[in-house]
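Each value in this text was obtained by applying a stated rule to the coordinates, not by laboratory testing. Just so it is clear, the model here is predicted, and its values are computed rather than measured. When we count neighbours, we look across all protein chains shown, and the Cβ atoms used for this are built from the backbone with ideal geometry, even at glycine.
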Amino acid sequence: MTASQAFRRSARIASLEISEIVQITERAASLRAEGADIVALSTGEPDFPTPPHVVEAAHQAALAGRTKYPATLGTPELRDLIASQNGVGRANVIVSTGAKQVLANAMLASLDPGDEVVMPAPYWTSYSDIVALAGGNPVVVPCTMEAGFRITPERLDAAITPRTRWVMLNSPSNPTGAIYSRDELRALAGVLKRHPHVMVLVDEIYDHLSFTDFASMREVVPELSDRMLIVNGVSKAYAMTGWRIGWGIGPTDMIAALGAVQGQITSGASSISQAAAVAALSGPQELLAERLAILRDRRDLVVSRLNAMPGITCPVPDGAFYVFPDVTGAMAAKGLATCAEFCTSLLETQGLALVPGRAFGLPGHLRLSFAYSQANLEAGLDRLERFLSRPPEPAGE
Ligand code: PMP
């Protein structure tokens, strides 16, 4: 069938782009389908399998007939488990189809046209699009590598206006791995206390993947919990991206509003996946430390090799499984004006897929995911090294 004559995009989604991460991943897949030898270090997904006892719990749940519509806000079993692990009540917890849906629920439930959401850049690509989709205006505060990719209290204060509804933080961060320390969280909370109309969303989906001390904002500044939404999920820590289970923890009226949105869009998240999430959260946790140690080795390999390459400066990430090096020197040496051109050229000439920093609101960088095998990482880094050792392509050819 050809394109529809009648279909027209709504104003709400007119500015929505296909995520640059998806674009690069799809281009890599189509080159691979054409027979090209591609190394992709572009996806934010652990290469580990879902733990077998989690898969078994899902199997048992399906066999036991837990195949009916679950309650909109989540099964009592999973909500109670999350509540008890976080020292809150069931009514403070919503389970959704991935952490992404919690974010979407929250923005749809709270933003009116023109409302502002402050987000430090670099930010996870979906943040700005979800805010825009909900009719809000993302207010992006660039935070450089020199600033540790973290927003300071002064810059937060300067970004807040009477229209600000949320500040959206992500610790540990995708794409930089930066973690806000306890002191930094307290200092940011100090600013929020002066602006009682502003809520704070903290996406802590990488909390178990921290190489240094991690503190949840809810523990550090409990006095703000009546206007705080903590977002988390099983995707990253338990290698369960395909199961689509995330959750939000917040005040009861906020959670009820998120549930009202979810109830009209997806209803409750998959009952079988929720049973699997119960097994992940209540079962043996040793795997987390074992996998973290593997990720730490991969991180060290990637950081040291990148820093040995000309024109690349790579800070050591404190958490998550990404590095976000500055590549401006390498771009200049290759005669490439933008990090997007850099990534395109890298993919087309060397078959290596990485994501340009522009996709995260901070150009001049690229994101490399180290949630891949050591062999894949070495192969990718060899390609990047080869790319940098070649002279720039002649212009106009
Ligand atoms: N937040 C961040 C910072 C992420 O990186 C991701 C996944 N890339 C998500 C949320 C979404 O996670 P989920 O699979 O639970 O929807």
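Using 0.36 nm per residue and subtracting the Cα-Cα separation, the extra length available between Phe48 and Ala158 on full extension is 35.4 nm. Computed extension length for Thr344-Asp80: 90.4 nm, one decimal, from 0.36 nm per residue of separation with the Cα-Cα distance subtracted. From the largest down, the range 292-375 spans 38, 24, 23 angstrom on the principal axes of its Cα atoms. If you bin all the Cα-Cα distances of the chain at 20 Å, starting from zero, the percentages per bin are 26, 57, 16, 0. For the range 52-282, taking Cα atoms only, Rg and Dmax work out to 17.3, 55 Å respectively.
Cross-link partners of Lys100 among lysines, defined as those whose alpha carbon lies under 20 angstrom from its own and excluding same-chain residues fewer than eight positions apart: Lys236. Taking amide H positions as modeled 1.01 Å from N, with prolines and chain starts lacking one, the residues under 5 Å from Thr164 and 5 or more places away or on another chain are Glu116.
Note on Asp300/Leu16: beta-carbon distance plugged into 1/(1 + (r/R0)^6) with R0 of 45 Å gives a FRET efficiency of 0.75.
Max-minus-min Cα coordinates of the range 20-96 on each principal axis give 51, 30, 23 Å, with the largest extent listed first. Under a 5 Å amide H cut-off, with hydrogens placed 1.01 Å from N, Asn170 pairs with Asp203 among residues at least 5 apart or on other chains. Qualifying trypsin sites (Lys or Arg not before Pro) in the range 106-195, where qualification requires a DSSP coil assignment and no more than 15 other C-beta atoms within 10 Å, comprise Arg163, Arg194.
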